[in-house]
Amino acid sequence: MIDIFLLMFLVIFSIYSIHTEDLLSSVIVLSAFSFVMTIVWTRLNAVDVAFTEAAVGAGVSTIIFLSALSRTKRGEEKRVTKKINIYNLFAALIVIFTGSVLVYGTIDMPAFGDIEAPAYNVLAPRFIIGSMAELGIKNFVTSILASYRGYDTLGETTVIFTAGVSVVALLRRKGGT
């Protein structure tokens with residue numbers, strides 16, 4: 001039941017942050033969205049992802065958005081509503097198609113927590129038992145992140161570092177201060 005409430009909060013926060021014209025309110029709601037996502041990841045037993053979401057999503061991203069907002073106007077300029085054009089229709093069709101493909105891709109997935117799923121029967125025993133024999137690392141979480149998912153972790157770190165450097169380059173003040 002709590003998952004339904006969390007999902008409702010996420011949908012409400014998403015819709016509000018898109019439709020509000022006050023950018024500060026949008027930043028605050030997006031920070032709350034990241035906080036709720038932290039709770040969702042924790043409920044899914046993905047504590048490492050929850051920690052990253054809390055640090056990057058609710059923490060660093062909020063600071064970056066507020067820094068960017070300090071250099072712009074707080075409100076958004078009034079929009080002139082236009083009729084639906086062919087580009088908006090095309091974009092909506094692409095979103096609907098992509099969403100349909102993603103939903104279709106999840107149809108034959110095993111149920112959440114199913115002990116007969118391949119992740120429990122094949123991968124988990126290999127990582128838990130085999131990591132010490134294969135890699136010599138006692139902590140199998142470290143062996144998974146550093147060895148089995150090493151390139152993935154390197155890619156994530158590179159993306160976060162590049163985004164941080166780009167934001168600093170964009171927000172630095174002229175004149176060296």
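Bear in mind that the values in this text are calculations on the coordinates, not laboratory data. From a predicted model like this one, the values you see are computed outputs, not experimental measurements. Every residue, glycine as well, gets a Cβ built from its backbone with ideal geometry; the counts of neighbours run over all protein chains shown.
Here is how the numbers come out for the structure above:
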| item | result |
| --- | --- |
| Cα→Cβ-extended label distance, 7 Å offset, between residue 39 and residue 73, nm | 3.6 nm |
| Förster radius 30 Å - calculated FRET efficiency between residue 168 and residue 51 (Cβ-Cβ, nearest 0.05) | 0.80 |
| Crossing angle, helix 2-19 versus the chain [Cα axis fit, 0-90 degrees, rounded to tens] | 30 degrees |
| FRET efficiency, 1/(1 + (r/R0)^6) with R0 45 Å, evaluated for residue 127 and residue 18 via beta carbons | 0.70 |
| From phi via Karplus (6.51, -1.76, 1.60), per-residue ³J(HN,Hα) for the range 88-98 in Hz, x at Gly/Pro | 5, 5, 4, 4, 5, 5, 5, 5, 5, 5, 4 |
| Theoretical FRET efficiency, 1/(1+(r/R0)^6), r = Cβ-Cβ of residue 60 and residue 25, R0 22 Å, to 0.05 | 0.65 |
| Within the chain, helix-based [θ] at 222 nm, where runs of 4 or more DSSP H residues each add -39,500 (n - 2.57), nearest 500 | -20500 deg cm²/dmol |
| Virtual spin-label span in nm between residue 114 and residue 8, 7 Å along Cα→Cβ | 2.9 nm |
| Ranked by how many other beta carbons lie within 10 Å on average, peptides 153-162, 23-32 from highest | 23-32, 153-162 |
